[in-house]
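First comes the structure, then the notes that go with it.
The values are calculated or read from the model by the stated rules, or taken from the named source; none is laboratory data. None of the values given here were measured: they were computed from a predicted structure. Glycine also receives a Cβ, built like all others from the backbone with ideal geometry; neighbour counts cover every protein chain displayed. Keep in mind that these areas ignore ligands, DNA and RNA; they rest on the heavy atoms of the full protein, side chains included. Shrake-Rupley method; radii C 1.70, N 1.55, O 1.52, S 1.80 Å.
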Amino acid sequence: MTPVDILQNAELRPAIRQQAEAFLGIHAHAPLLASVFATQQRYMMGQIFLSLTYKSSDGRVLLAEFLRKVEQFRIASPNTAEAFVREMVREGIGIPAPERKDRRSRPLMVAEAAHVMMRRWMAIHLHTLDRLDGGARAATLSTQPDLLPILQPRVVDGILQSDVCIRPSGTFALFSWLNDGGLLMDRLIAGLTDTRERASQVATALSSYTQLRTGLAISRSHLTRKLHAAEAAGSLGWTGARGRSTLWVSRGFIAEYDAYQAEKLAIVANSFAATGTGI
């Protein structure tokens, strides 16, 4: 399955909207856990850390190993990556592993809540793919718990090889590096009213700054600045007064969002196929 296959699928629009709603549901269920992975950079570091956990024979990850991987793909500086790990530990997501021989190695393990969240994240993507081609991937993951540790590292390896996924551009990039920016975009996409119309601007069900930021770790001032930048780029706007009228998004922005999701979904589909469990 290629990104082009996905983008040309007639079921893509309702499937993507359903997926966006599901992402928002994960955040509503566990906002503290989700906040640790709230930006593109932190999301990638979290995925890498879990990937190393699943590749490990005992679930232990050495800090040095994680830092090397993050540096290899230019995700973050060593200081930023170390600060991310410290926050994981502070929030109870990363757990210092029992010491063995070398106390300097500082091995870590991941709390069960993070594994549960990753299973939900993967299931959401598999449900989307199943909706596109009638497969049963999500059911397979549900009935085969040992599949996640095999599948997730394959997906992460694919994402790390994709500039579309790790270095998005345009308005998508403007929001993806904002705290909870990915969820903000999900809220915009989930709020689309009717994408069947051919108009260049598609209305959403959102009409205030409060609706946009409720439950998200975004200040009104920061949100306003980003929205103004996106508005200047022609990616979104208001039908009347800012923050007091219907918000619309452009076809171009929707295309950016779809292209990112299609790239990621193709990686998930092909990683799943590579496990040999079928569709």
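Annotation: amide H of LEU236 within the under-5 Å range of GLU231, SER250, sequence separation 5 or more or interchain, hydrogens built in the peptide plane. Residues in the stretch 66-76 carry Karplus couplings, in order, of 5, 4, 4, 5, 5, 5, 4, 9, 6, 7, 6 Hz; the curve used is 6.51 cos²θ - 1.76 cosθ + 1.60 with θ = phi - 60°, and Gly or Pro positions show x. Within the chain, the longest run free of GluC sites (Glu not before Pro) that sit in a DSSP loop with at most 16 other Cβ atoms within 10 Å is 100-196. Working note: Karplus 6.51/-1.76/1.60 with θ = phi - 60° gives the stretch 249-262 the couplings 10, 7, 4, x, 5, 4, 5, 4, 4, 4, 5, 5, 5, 5 Hz, where Gly and Pro are set to x. The mean accessible area for residues of the chain, using a 1.4 Å probe and ignoring ligands and nucleic acids, is 46 Å² per residue. Residues whose amide H comes within less than 5 Å of that of VAL110, counting only those at least five positions distant or on another chain, are ILE95 (H built at 1.01 Å from N in the peptide plane). When the accessible area of the chain is split by element with a 1.4 Å probe, what percent falls to carbon and sulfur? Ligands and nucleic acids excluded, carbon and sulfur give 52 percent. Taking Lys and Arg as +1 and Asp and Glu as -1, the other residues whose beta-carbon sits under 12 Å from that of ASP258 total +2. Our helix-only sum for the chain, with -39,500 (n - 2.57) per DSSP H run of n ≥ 4 divided by its residues, gives a mean residue ellipticity at 222 nm of -19000 deg cm²/dmol. In order along the stretch 16-22, phi translates into HN-Hα couplings of 5, 5, 4, 5, 4, 4, 5 Hz, rounded to whole numbers, per the Karplus curve 6.51 cos²θ - 1.76 cosθ + 1.60 with θ = phi - 60° and x for Gly and Pro. Residues LYS264, LYS69, LYS55 ordered from highest to lowest accessible area at a 1.4 Å probe: LYS55, LYS69, LYS264. Taking the Cα centre of the chain as reference, the dipole from Cβ charges on Lys and Arg (+1) and Asp and Glu (-1) amounts to some 660 debye. Amide hydrogen proximity for THR246: with H placed 1.01 Å from N in the peptide plane, the residues at 5 or more positions away or on another chain lying under 5 Å are THR239, GLY240.
When the charge dipole of the chain is built from unit charges on Cβ atoms (+1 for Lys and Arg, -1 for Asp and Glu) and taken about the Cα centre, the candidate among TYR260, PRO14, THR171 whose Cα reaches farthest toward its positive end is THR171. Note on ILE95 and GLU11: their simple-model spin labels are 3.8 nm apart, each label 7 Å out from Cα toward Cβ.
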